[in-house]
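Asker: Sending over a structure as structure tokens; questions will come in a sec.
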Amino acid sequence: MPDRESHRHVEIKDGDETVAAAEVTTSPESAGTVRASLHAVGGHIGPGRRADLVDAVMDLPQVQESDRLEAASPLGDSESLERLRARTEDSTTRPAGSTALLDGKIPATPERAAEPEPTEPEADKN
């Protein structure tokens, strides 16, 4: 988990035009949760561009170092939501007005999986 608060802006471009973007925020107070807000420009966007945005967000080091993801995406953006579900575990989605909110567990990377889990001290067995 990151030691300090960080904000990242991620963009997916089609030529010189930004077609999808995300704001990603992590902080030490978030208890291992990273937050992302995804959005795309109005009109037609080529297939796969929204999924590319999700991949770019999920591949950020501060996302990979986190345990959970809370993401907001437009309610009708099925490509982003499906990709978010594919890249997270135990995810739940719920509507909030015109937004879909997804909460899911970020799968451990091989590097993170190798880190020992913190252990709690054993209780005295008297």
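The values are calculated or read from the model by the stated rules, or taken from the named source; none is laboratory data. Worth saying up front: this structure is predicted, and the values here are computed from it rather than measured. Every residue, glycine as well, gets a Cβ built from its backbone with ideal geometry; the counts of neighbours run over all protein chains shown.
Asker: Which residue pairs have Cβ atoms under 6 Å apart, sit 6 or more places apart or on different chains, and have a first residue in the range 15-31 that is more than 17 Å from A71 (Cα to Cα) and a second that is not in a strand (DSSP E or B)?
Answerer: V19/V41; V19/I45; V19/R49
Asker: For the range 32-42, name all the residues that are in contact with a helix residue (DSSP H, G or I) (Cβ under 8 Å, 6 or more places away or on another chain), under 15 Å from Q62 (Cβ atoms) and without any contact (Cβ under 8 Å) to a residue 60 or more places away in the chain.
Answerer: The one that is in contact with a helix residue (DSSP H, G or I) (Cβ under 8 Å, 6 or more places away or on another chain), under 15 Å from Q62 (Cβ atoms) and without any contact (Cβ under 8 Å) to a residue 60 or more places away in the chain: A36.
Asker: How about the range 65-80: which of its residues are surrounded by 17 or more Cβ atoms within 10 Å (Cβ to Cβ) and closer than 21 Å to D14 by Cβ?
Answerer: S73, D77, E79, S80
Asker: Filter the range 1-46 down to the residues that are at pLDDT below 90 and not in a loop (DSSP other than H, G, I, E, B) and list them by number.
Answerer: S6, P28, E29, S30
Asker: Restricting to the range 53-64, count the residues that are surrounded by 17 or more Cβ atoms within 10 Å (Cβ to Cβ) and either part of a loop (DSSP other than H, G, I, E, B) or of a type in the set (D, E) (or both).
Answerer: 1
Asker: Condition first: among the polar types (S, T, N, Q) and modelled with pLDDT under 95. Now tell me which residues in the range 67-94 satisfy that.
Answerer: S78
Asker: Return the only residue of L69, L38, L75 being touching a Ser or Thr at 6+ places or on another chain (Cβ under 7 Å) and under 13 Å from D103 (Cα atoms).
Answerer: Step by step, each of L69, L38, L75 is checked, and only L69 is touching a Ser or Thr at 6+ places or on another chain (Cβ under 7 Å) and under 13 Å from D103 (Cα atoms).
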